[in-house]
Amino acid sequence: MKILAFDTCLDKMYVVLRTEDRILSSEIVENTDSKYHSAFLISTISKILQENNVEPKDLDVIGINIGPGSFTGIRACTTVARVMAQQLNIKAIGVSSLEILSKIKKENPLVALDARKNKAYLWCDGEIKGAIELEEIQQLIATDKYNVITDDRLQKTLGGISYQQEKYPLGEILSDLVIKKLKTSSGNWAELMPLYIQPPPMG
């Protein structure tokens, strides 16, 4: 089985090609001065497939980050995955960025990503809690129960570690979760939807 996993929702783009038990390629693409990283998604996918002598028809599964994150990145990720899975008639699996980041810490992770308006997208106790007021999250953190994972914007407020400060293997983590979710998901591409915990900005 060949799995293509990609993520354009976070601060970098991750593209991974793998089998069930082996990573074949893993690429990380950052923003340039003139272009957002998702602009390089198709070219990066093509490059990885060519380098591994894999054609699109050889793929069995597409796995992506469905958000929350950059609205532009979520749209790009989901649209490309749906089109590819439909055209190739293969499975498509979506994973939340909060669940991906929760795997950075093995014990009692709490993930909080900036949602603006004094809120954060919260993951703890194994599930997404929603867009929660920062004061409420600070009360949870004060219990000393959790290992906090956040972003640069909220680290000063919430403490913990920022995923943006280290080169964590988030593409590989995504692909691991895709394999796990294949056991319980239909993988129907039509059910692959962006995870907008708050509505996209208008205009």
Unique residue being touching a Ser or Thr at 6+ places or on another chain (Cβ under 9 Å), modelled with pLDDT of 95 or more and more than 27 Å from ALA112 (Cβ to Cβ) when the list is ILE23, ILE62, ILE90, ILE45: ILE23
Which listed residue, of LEU98, LEU140, is closer than 30 Å to ASP60 by Cα, open to solvent by less than 80 Å² (accessible area, probe 1.4 Å), of a type in the set (A, V, I, L, M, F, W, C) and at pLDDT 95 or above: LEU98
Scan of segment 85-99 for residues that are in contact (Cβ under 8 Å) with a residue 40 or more places away in the chain and either part of a helix (DSSP H, G or I) or closer than 14 Å to LEU41 by Cα (or both), ordered by number: ALA85, GLN86, SER97, GLU99
Selected residue (only one of SER43, SER26 is outside any loop (DSSP other than H, G, I, E, B) and in contact with a Leu (Cβ under 9 Å, 6 or more places away or on another chain)): SER26
Failed condition for TRP123, given (1) under 28 Å from ILE3 (Cα atoms); (2) in contact (Cβ under 8 Å) with a residue 40 or more places away in the chain; (3) not charged (D, E, K, R): (2)
THR157, sole failed condition from (1) touching a strand residue (DSSP E or B) at 6+ places or on another chain (Cβ under 6 Å); (2) assigned to a helix (DSSP H, G or I): (1)
Qualifying residue in segment 114-125 (condition: hydroxyl-bearing (Ser, Thr, Tyr) and surrounded by fewer than 18 Cβ atoms within 10 Å (Cβ to Cβ)): no
Sole residue being assigned to a strand (DSSP E or B), modelled with pLDDT of 95 or more and open to solvent by 30 Å² or more (accessible area, probe 1.4 Å), chosen from LYS145, LYS129: LYS129
Filter pass, GLU20 being in contact (Cβ under 8 Å) with a residue 24 or more places away in the chain and of a type in the set (Asp, Glu): yes
One residue from LYS117, LYS57, LYS103, LYS47 being among the basic types (Lys, Arg) and under 12 Å from the mean Cα position of the chain (by Cα): LYS103
Residues that are surrounded by 15 or more Cβ atoms within 10 Å (Cβ to Cβ), in contact with a Lys or Arg (Cβ under 8 Å, 6 or more places away or on another chain) and either aliphatic (A, V, I, L, M) or part of a helix (DSSP H, G or I) (or both), drawn from segment 46-69: VAL54, LEU59, VAL61, ILE62
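The values are calculated or read from the model by the stated rules, or taken from the named source; none is laboratory data. Values in this document were obtained by computation on a predicted structure and should not be read as measured data. No Cβ is skipped: glycine too gets one built from the backbone with ideal geometry, and neighbour counts run over all protein chains shown. Surface areas here come from the heavy atoms of the whole protein model, side chains and all, with no ligands, DNA or RNA. Shrake-Rupley method; radii C 1.70, N 1.55, O 1.52, S 1.80 Å.
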